[in-house]
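The structure under discussion appears below in the form of structure tokens.
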Amino acid sequence: ELKVEQNPLFLSMQEGKNYTIYCNYSTTSDRLYWYRQDPGKSLESLFVLLSNGAVKQEGRLMASLDTKARLSTLHITAAVHDLSATYFCAVDEGGATNKLIFGTGTLLAVQP
Amino acid sequence: DAEITQSPRHKITETGRQVTLACHQTWNHNNMFWYRQDLGHGLRLIHYSYGVHDTNKGEVSDGYSVSRSNTEDLPLTLESAASSQTSVYFCASSGTVYTEAFFGQGTRLTVV
């Protein structure tokens, strides 16, 4: 059974600082997704990572996937308040359809 | 533009009542999913469907059912609502394993 763990669960950081959110998963998969959720809102897709070594960047966020280590990271560079949200990683169980198993989420609070 | 919509957005119901949450997508996606979101648990998969007349149980399917009579809709029914089913419910759809799943706006259900 696929298990997905994120850490930290809560992250308070100052504007301008860098930090990394980690997503570990328990069984083989080469499809991983990152989502953002603002309070009371739906989930918004950030990154789709489909192979070992995949790296995607958008603005101050960069995501990478190491399928051998079963690890994905979401790196935040020079955080700004607008990045405050909950971030989820989701791992595809595999096979022909994308049944996603989610991590518990990381609540990011960027302080001025 | 294609979209995925859920209704109602908010609902209060009494214990023991049958409740149906609607999900409608215009992406023409074959894959549709229902998740529930609870603090500390992330999103947990309730039921999913890979096409018309196909339904499958997820990790927290007890007390819930779905049916898929067309491509666009996957209604979620709570057979006899319980207080433990108070949650925020999200519907999602996806086209292929190489793209992300798109989420509806969510339904906040309170069982009293």
- Using modelled amide H (1.01 Å from N, peptide plane; none on Pro or chain starts), what sits under 5 Å from the amide H of A:Thr27, excluding residues fewer than 5 places away? A:Lys3
- Message: Taking 0.36 nm per residue of sequence separation and subtracting the Cα-Cα distance, how much length would be gained by fully extending the chain between A:Thr28 and A:Glu5, in nm to one decimal?
- Response: 6.9 nm
- Note on the structure: Straight-line reach check, A:Lys3, cutoff 19 Å on alpha carbons, 8 or more apart in-chain or any other chain, hits among lysines -> A:Lys68, A:Lys99, B:Lys57
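If one takes the accessible area of chain B alone plus chain A alone and subtracts that of the pair, with a 1.4 Å probe, what total in Å², rounded to the nearest 100, results?
Details: alone 6180 and 6190 Å², together 10580 Å².
So the buried area, both faces added, is about 1800 Å².
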- What whole number of Å gives the distance from the Cα centroid of segment B:40-112 to the Cα centroid of segment A:1-68? 23
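Step by step: find N for the protein assembly as shown, compute 2.2 N^0.38 Å, then divide the Cα radius of gyration by it. What's the final number?
The reported ratio for this selection is 1.02.
Grab the beta carbon distance between A:Ala78 and B:Val52, set R0 = 41 Å, and tell me the FRET efficiency rounded to 0.05. Write out the running numbers ahead of the final one.
Values: r = 48 Å, r/R0 = 1.17.
Efficiency, from the Cβ-Cβ distance: 0.30.
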- Semi-axis lengths (Å, descending) of the ellipsoid that matches the C-alpha gyration tensor of chain B: 22, 14, 13
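Arranged from highest to lowest average of other beta-carbon atoms within 10 Å per residue, in what order do the peptides A:71-81, B:33-43, B:10-20 appear?
Numbers: A:71-81: 17.1, B:33-43: 19.2, B:10-20: 12.3.
Top to bottom by mean Cβ count within 10 Å: B:33-43, A:71-81, B:10-20.
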- Item | Antiparallel DSSP beta bridges within chain B, as percent of all bridges there, nearest 5 | 90
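Once you charge only the Cβ atoms, +1 for Lys and Arg and -1 for Asp and Glu, what is the size of the charge dipole of the protein assembly as shown about its Cα centre, to the nearest 20 debye?
Roughly 280 debye, rounded to the nearest 20.
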- Note on the structure: Taking only the alpha carbons of chain A, the radius of gyration and the largest Cα-Cα distance, Dmax, both in angstrom, are 13.4, 45
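The values are calculated or read from the model by the stated rules, or taken from the named source; none is laboratory data. All figures in this text were calculated on a predicted structure; none of them were measured in a lab. Neighbour counts are summed over all protein chains in view; Cβ atoms, including those assigned to glycine, are modelled from backbone coordinates with ideal geometry. The protein model used for the area step is the full one, side chains on, heavy atoms only, and it has no ligands, DNA or RNA in it. Shrake-Rupley method; radii C 1.70, N 1.55, O 1.52, S 1.80 Å.
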